[in-house]
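Chemist: One structure, pasted below without further comment.
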Amino acid sequence: MLRAGCRAALPRRSPGSAPRSGAGGTGAGEEGLKQTPLDALHRARGGRMVPFAGWTLPLHYGQGHLQSHLHTRRHCSLFDVSHMLQTLVYGRDRIRFMESLVVGDIAELKPGQGTLTLLTNEKGGIMDDLIVTNTSEDHLYVVSNAACADKDLAILRGEVAVATCGAGTGLAAVLAALCHPGRTERRSCRPPAVTYTWRCQTMRCWLCKPPASPGPSMARVLQAGLSDDLAKLSFMNSITTTVFGVPGCRVTRCGYTGEDGVEISVPAARAVELAEQLLGLPDVWLAGLAARDSLRLEAGLCLYGNDIDETVTPAEAGLMWTLGKRRRVAMDFPGAAVIMAQVKEKPRRRRVGLTSVGPAIRPHMAILGPEGRPVGTVTSGCPSPCLGKNIAMGYVEAAHSRAGTELTVEVRKKQHPAVITKMPFVPTQYYMAK
């Protein structure tokens, strides 16, 4: 899929040397790393390839991280996120099935509308953050983090087996997982049957561009190749359409940079063709993992594995907005008792934004209170290319979480001033149709 944003921690070891794959599918390198359909294109265009969540992906290109970040804010960038898991959920009870796993109000989604939601466990911890779209084609389209793909599939497969084989559930659901090649498994119980299919069918990418910046916006860049009117497509809405002559593409208005963007899911056999057409348009650059991480942090967006994980609840993470009113009342999602108790009693720690000058703030650094006592920990941090100062995200004791609170961060055994700051650090540009 072609998409604009970031959703996983940057790799910390040296680049891998996985061999190139063919242009039309997903391959595996010598180190066992999977490759997206655009692997050869990344390498040909100077991508510095690194291991990432079991895949080989570009960290940055010849222009470097800083220029790539600023270009995305000012012009238009293309990100390859084909590594993320795509799952289609079918069946007459698909909405009830999905709501048994996540906190979101999936039933209220209109055809073509999607939402960010959270997969939780019985302790209220966040197993993953997902995008669930109620498509107009009688199925749910679910996008999961690559690092959580195996875990999420195991949960979905297990719950479908319970739903279709368990006594008296009455649920009917069928899963089809995209971009997980290698095998096809069919599993049947008493009716209705459940079928799991892994196949490399699509490539995903983000294309994003701030609408008010000089030069062609994302909408004008993409509109030239669409028959549908992008002006009618609001944030978190999705259509299936033809993109620059490639039919069967799912275009979703979303992104992970804070800018107006689209996510395009395209058949893998046409992936390179479409990417090259997009890159042939004025001011469209490829961007890699490094830019995605700094862009999403400026937008105040969580990174699974850093800012949220199974030890963090939606109340602590400031993500209670993902719970619909009906779901809060029904308390019928995993971990509901724990999460709603925290809402009532107030969580002891909260996710906050931090800004500072001086040495960069990085994950795992200690956040200290006025008396020098540890009151929290940094989960994400980097110098902001747009703001010219350090930005970070972390968790602190609730008593120290108010915006404007002055704290310190321990950097290389020295304390440096930091201020609790409201997020997003850079204003978002999400598009809502009039």
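Every number here is computed from the coordinates shown, using simple stated rules; none is lab data. Note that the coordinates shown come from a computational prediction; the quantities given were computed from them, not determined experimentally. Every residue, glycine among them, receives a Cβ derived from its backbone with ideal geometry; neighbour counts consider all protein chains shown.
Chemist: Given H placed on each backbone N at 1.01 Å, which residues far from GLY91 in sequence or on other chains put an amide H within less than 5 Å of it?
Modeler: VAL174
Chemist: Which ³J(HN,Hα) values in Hz, rounded to whole numbers, follow from the phi angles of the range 106-114 under the Karplus curve 6.51 cos²θ - 1.76 cosθ + 1.60, where θ = phi - 60° and Gly and Pro get x?
Modeler: Those phi angles translate into 6, 5, 7, 5, 6, x, x, 9, x Hz.
Chemist: A 30 angstrom limit on the alpha carbon distance is what I want to check against. Which of LYS346/LYS422; LYS346/LYS414; LYS344/LYS422; LYS123/LYS232; LYS389/LYS413 exceed it? Write down the numbers at each step before the final one.
Modeler: Details: LYS346/LYS422 19 Å; LYS346/LYS414 32 Å; LYS344/LYS422 23 Å; LYS123/LYS232 40 Å; LYS389/LYS413 20 Å.
Those over the limit are LYS346/LYS414; LYS123/LYS232.
Chemist: A follow-up question, please. Which percent of Cα-Cα pairs in the range 79-119 sits in each 10 Å bin, short to long?
Modeler: All Cα pairs, binned at 10 Å, distribute as 24, 53, 21, 2 percent.
Chemist: What does the charge count near ALA433 come to, summing +1 for each Lys or Arg and -1 for each Asp or Glu among other residues with Cβ under 15 Å from its Cβ?
Modeler: Numbers: positive: LYS110, LYS232, ARG253, LYS434; negative: ASP228, ASP229, ASP260.
Charge balance in the 15 Å sphere: +1.
Chemist: From the residues PRO383, ALA366, THR405, which one has its Cα farthest along the dipole of the range 349-423 in the positive direction, the dipole being from +1 and -1 charges on Cβ of Lys/Arg and Asp/Glu about the Cα centre?
Modeler: Toward the positive end, the furthest listed residue is PRO383.
Chemist: Moving on to the next point. Beta carbons within 10 angstrom, averaged per residue: use that to sort the peptides 103-109, 284-290, highest first. Walk me through the intermediate numbers first.
Modeler: Values: 103-109: 19.9, 284-290: 23.6.
In descending order of packing, they fall as 284-290, 103-109.
Chemist: Starting from the Cα-Cα distance between GLU273 and LEU387, subtract it from 0.36 nm times their residue separation and give me the gain in nm to one decimal. It would help to have the intermediate numbers written out before the result.
Modeler: Numbers: separation 114, 0.36 × 114 = 41.04 nm, distance 3.64 nm.
Here the segment from GLU273 to LEU387 would lengthen by 37.4 nm.
Chemist: Can you tell me the alpha carbon radius of gyration of the range 349-423 divided by the globular rule-of-thumb value 2.2 N^0.38 Å?
Modeler: Cα Rg divided by the expected 2.2 N^0.38 Å: 0.94.
Chemist: Equivalent ellipsoid semi-axes for the range 238-308, as square roots of 5 times the alpha carbon gyration tensor eigenvalues: give them largest first, rounded to whole Å.
Modeler: Values: eigenvalues 130, 43, 25 Å².
Equivalent-ellipsoid dimensions as semi-axes: 26, 15, 11 Å.
Chemist: Sort the following peptides by mean Cβ neighbour count (other Cβ atoms within 10 Å, averaged over residues), highest first: 137-146, 221-230. Please report the intermediate quantities before stating the final value.
Modeler: Values: 137-146: 20.1, 221-230: 15.8.
By packing density, highest mean first, the sequence is 137-146, 221-230.
Chemist: Could you tell me the relative contact order of the range 19-139? Use alpha-carbon pairs under 8 Å, at least six residues apart, and round to a whole percent.
Modeler: Working: 157 pairs, mean separation 16.3, N = 121.
RCO, the range 19-139: 13 percent.
Chemist: Tell me, Kirkwood radius of the range 290-390 from alpha-carbon pair distances, in Å? Intermediate results must be reported in sequence, preceding the final value.
Modeler: Working: mean 1/r = 0.0648 Å⁻¹.
Kirkwood hydrodynamic radius for the range 290-390: 15.4 Å.
Chemist: For the range 349-423, with only Lys/Arg (+1) and Asp/Glu (-1) charged at the beta-carbon, what is the dipole magnitude about the Cα centre, in debye rounded to 20?
Modeler: Values: 11 positive and 4 negative charges, 27 e Å.
Charge dipole of the range 349-423: 120 debye, to the nearest 20.
Chemist: Mind ranking 265-277, 353-365, 38-50 by how tightly packed they are, going by the mean number of other C-beta atoms within 10 angstrom, highest first?
Modeler: Top to bottom by mean Cβ count within 10 Å: 265-277, 38-50, 353-365.
Chemist: Mind checking which of PRO314, LEU297, GLY248 is farthest towards the positive end of the range 208-318's charge dipole, using Cβ charges of +1 (Lys, Arg) and -1 (Asp, Glu) about the Cα centre?
Modeler: Ranked along the dipole, the leading option is GLY248.
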